[in-house]
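The values are calculated or read from the model by the stated rules, or taken from the named source; none is laboratory data. Bear in mind that the values here come from a model prediction, so they are computed numbers and not experimental data. In this analysis, Cβ positions are derived from the backbone assuming ideal geometry, glycine residues included, and neighbour counts consider all displayed protein chains.
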């Protein structure tokens with residue numbers, strides 16, 4: 001009974017963290033990215049209004065591109081807001097969506113590999129898996145300075161394996177457990193019967209989650 005209460009407590013905490021990080025991402029992108037694009041558009045409009053020369057077609061075309069780009073990025077943020085609904089059906093798609101978002105908004109490339117069938121994992125466990133991925137991705141974006149990420153997802157021999165690599169600055173894992181929340185990620189992996197490992201060197205960092213599909217997926 002006590003373990004069940006602890007699991008549910010961590011589950012609620014995980015849901016809140018996903019929502020908080022989602023709102024944080026939206027706020028930052030609105031301020032840093034979309035706000036900047038719209039500011040450039042306003043500056044361009046002011047320049048046209050203050051000019052005594054007629055507005056040229058190519059100038060209007062440039063302004064149209066600026067507005068189209070801001071609209072495209074607002075649509076990306078809209079999909080982030082709907083992430084909770086997406087997680088109810090397929091957390092793999094949420095992972096792909098995150099990778100596509102950082103590619104478009106942060107100009108960071110990624111490689112994505114999927115081998116085997118996508119396993120059926122209950123919504124409570126896949127929330128933990130997604131949150132672990134989200135934390136690992138956030139850590140890499142913040143600390144690694146890598147411009148390339150690789151995500152490998154594989155199902156084989158009753159094991160679901162999620163591996164995320166960056167190719168940036170490595171860490172001394174023994175010194176950064178607390179700072180990167182690695183212990184918290186390992187705890188959440190343990191709660192769903194999975195194992196989390198992190199290996200790092202000067203060539204980059206790899207975070208691997210192994211989730212046994214033979215365990216009971218009902219908590």
Review point. Are any residues in the stretch 186-213 more than 22 Å from residue 158 (Cα to Cα) and not in a strand (DSSP E or B), and if so, which ones?
Key: 202, 203
Exercise for review: Evaluate the stretch 128-142: report whether one residue or more is at pLDDT below 90, out of contact with any helix residue (DSSP H, G or I) (no Cβ under 7 Å at 6 or more places or on another chain) and over 16 Å from residue 99 (Cα atoms).
Suggested key: no
Review point. In contact with a strand residue (DSSP E or B) (Cβ under 8 Å, 6 or more places away or on another chain) and surrounded by fewer than 14 Cβ atoms within 10 Å (Cβ to Cβ) - does that describe any residue in the stretch 151-161?
Key: yes
Revision key, fill the gap. Apart from one, (1) at pLDDT below 70; (2) within 30 Å of residue 120 (Cβ to Cβ) all hold for residue 29; the odd one out is (2)
Review point. What do you reckon, is residue 141 assigned to a helix (DSSP H, G or I) and within 29 Å of residue 5 (Cα to Cα)?
Key: no
Review point. Given the structure, is residue 121 surrounded by 12 or more Cβ atoms within 10 Å (Cβ to Cβ), modelled with pLDDT of 80 or more, assigned to a loop (DSSP other than H, G, I, E, B) and out of contact with any helix residue (DSSP H, G or I) (no Cβ under 6 Å at 6 or more places or on another chain)?
Key: yes
**Study point:** Leading residue by the ranking (modelled with the lowest pLDDT) among those in the stretch 154-170 that are over 13 Å from residue 206 (Cα atoms) and in a strand (DSSP E or B)
**Key:** 156
**Study point:** Subset of the stretch 171-185 [more than 14 Å from residue 14 (Cβ to Cβ), crowded, with 18+ Cβ neighbours inside 10 Å and at pLDDT 65 or above]
**Key:** 171, 182
Point to revise | Odd one out for residue 145 among (1) farther than 23 Å from residue 110 by Cβ; (2) surrounded by fewer than 18 Cβ atoms within 10 Å (Cβ to Cβ) | key: (1)
